[in-house]
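For reference, the structure is listed below as structure tokens.
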Amino acid sequence: MKKNKVVSLGGGTGTFPVVTALKAIDANISAVISVSDSGGSTGRIRDEFGFQPVGDLRQSLAALANKEGQEWIQKILLYRFSKGSGLKGHNLGNLILTALQDMTGNTTESLDIAEKIFNLEGTIIPVTSSDVNLKIHYADGSTAVGEHTLDNTDKNPKKIEKISLTPECSLNPTAEKAFIEAELIIIGPGDHYASLLATLVTNGTKEAFKKSKAKIMYISNLMTRRTQTHGMTILDHLTEIEKAIGKKVDYILINDTTIPKNILEIYAKEQEFPVEDDLNGDKRIIRAELLLDKIVIKQKNDIAHRSFLRHDAKKLEKVFKKILG
């Protein structure tokens, strides 16, 4: 039977449940991933070795691991050292990918080798072959460079006007081919600026979307981020996504599960809240119970911002089955 060609677009922990769900329905998966991360273990390795950041790529590697032996492959790729003066805080998967980059001198080739080693059920594609950083343009006219600056601790974070990549870069031809050949492209969930738009603003992406005949699904984030999307509604997020791809999406997937009050209180202390659903009667909306029924506690010595709430891969799987027929 012919497999449906599906592209998952973004990066970070949001990609994991999407790719896991697609793998369960035996789709032909291409994960197009942002490569502008500059924080945590990834940032430290990037500073020392000068390669493209590997943190978001590692999440997809773990999700695409073959079902046989998957548990331990995922544990290896996601393991974080808790001691050792040089290793503490580093992620083992990041170190493995960096070693492969050092041996091959090329991120794309290192991923090809990783796919064979871990017997992956899909392909991981860096959105660009260039070494780039995120550039944040604020509403007051100021700018900052580096994804890590998005998590500043200012009491009143500045409003983000837009983001770009520096230096200017072009879409990876392999990613362009994946977009054009896909039957379904899934955008999100994931950090709005650091993962989703960081992928979509690459030069050539809008043109690839125009050439593609794929249906496009946007999966709304569950919560806002104080330093990035405070006060932004689903429509606000969607408007920026559609501007970046140059066309309307076909499906808008929104969580319909009630978030427990005690979890909302934890988020509220950080001035983070559920993304307001203000789309009203938009016929593209699919509302479904998508929430994972447990909170996710980040590993010790992980200094990056992590969400407690995640989408449930099994619940996403049911939606994807209906969309793909």
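Exactly one residue among LEU87, LEU120 is of a type in the set (A, V, I, L, M, F, W, C), in a loop (DSSP other than H, G, I, E, B) and surrounded by fewer than 21 Cβ atoms within 10 Å (Cβ to Cβ), and that residue is LEU87. Quick one: would you say ASN119 is more than 20 Å from ASN66 (Cα to Cα) and not hydrophobic (A, V, I, L, M, F, W, C)? For ASN119, the condition - more than 20 Å from ASN66 (Cα to Cα) and not hydrophobic (A, V, I, L, M, F, W, C) - is not met. When residues in the range 154-181 are screened for being surrounded by 13 or more Cβ atoms within 10 Å (Cβ to Cβ), free of Cβ contacts under 8 Å to residues at least 40 places away in the same chain and of a type in the set (Asp, Glu), 2 of them pass. Just so you know, in the range 127-150 the residues that are crowded, with 17+ Cβ neighbours inside 10 Å and charged (D, E, K, R) include one that is modelled with the highest pLDDT, and it is LYS135.
Table: residues versus (1) at pLDDT below 95; (2) in a loop (DSSP other than H, G, I, E, B); (3) within 19 Å of ASP191 (Cβ to Cβ).
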position	(1), (2), (3)
LYS248	no, yes, no
ILE254	no, no, yes
ASN262	yes, no, no
TYR267	yes, no, yes
GLN271	yes, yes, yes
LYS294	yes, yes, no
ASP302	yes, yes, yes
ARG306	yes, yes, yes
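Filter the range 152-211 down to residues that are in a helix (DSSP H, G or I), more than 16 Å from GLU242 (Cα to Cα), touching a strand residue (DSSP E or B) at 6+ places or on another chain (Cβ under 7 Å) and of a type outside the set (A, V, I, L, M, F, W, C), then give me how many there are. Write out each step before concluding.
Let us first name the residues in the range 152-211 that are in a helix (DSSP H, G or I), namely 173-181, 192-200, 205-211.
Subsequent filtering for residues that are more than 16 Å from GLU242 (Cα to Cα) retains 173-178, 180-181, 194.
Now narrow it down to the ones that are touching a strand residue (DSSP E or B) at 6+ places or on another chain (Cβ under 7 Å): 174-175, 178, 181, 194.
In the following step, the residues that additionally are of a type outside the set (A, V, I, L, M, F, W, C) were identified as 174, 181.
Total satisfying the criteria: 2.
Reported count of residues in the range 230-256, each being surrounded by 13 or more Cβ atoms within 10 Å (Cβ to Cβ) and among the small types (Gly, Ala, Ser), is 2. Look at the range 237-277 and say how many of its residues are without any contact (Cβ under 8 Å) to a residue 40 or more places away in the chain and more than 22 Å from THR205 (Cα to Cα). Of the residues in that region, 11 qualify. The one condition from (1) assigned to a helix (DSSP H, G or I); (2) modelled with pLDDT of 95 or more; (3) closer than 22 Å to VAL18 by Cα; (4) under 19 Å from the mean Cα position of the chain (by Cα) that LEU235 does not meet is (4).
The values are calculated or read from the model by the stated rules, or taken from the named source; none is laboratory data. Given the structure is predicted, the values throughout are model-derived calculations rather than measurements. Note that we place each Cβ from the backbone using ideal geometry, even for glycine, and neighbour counts take in every protein chain shown.
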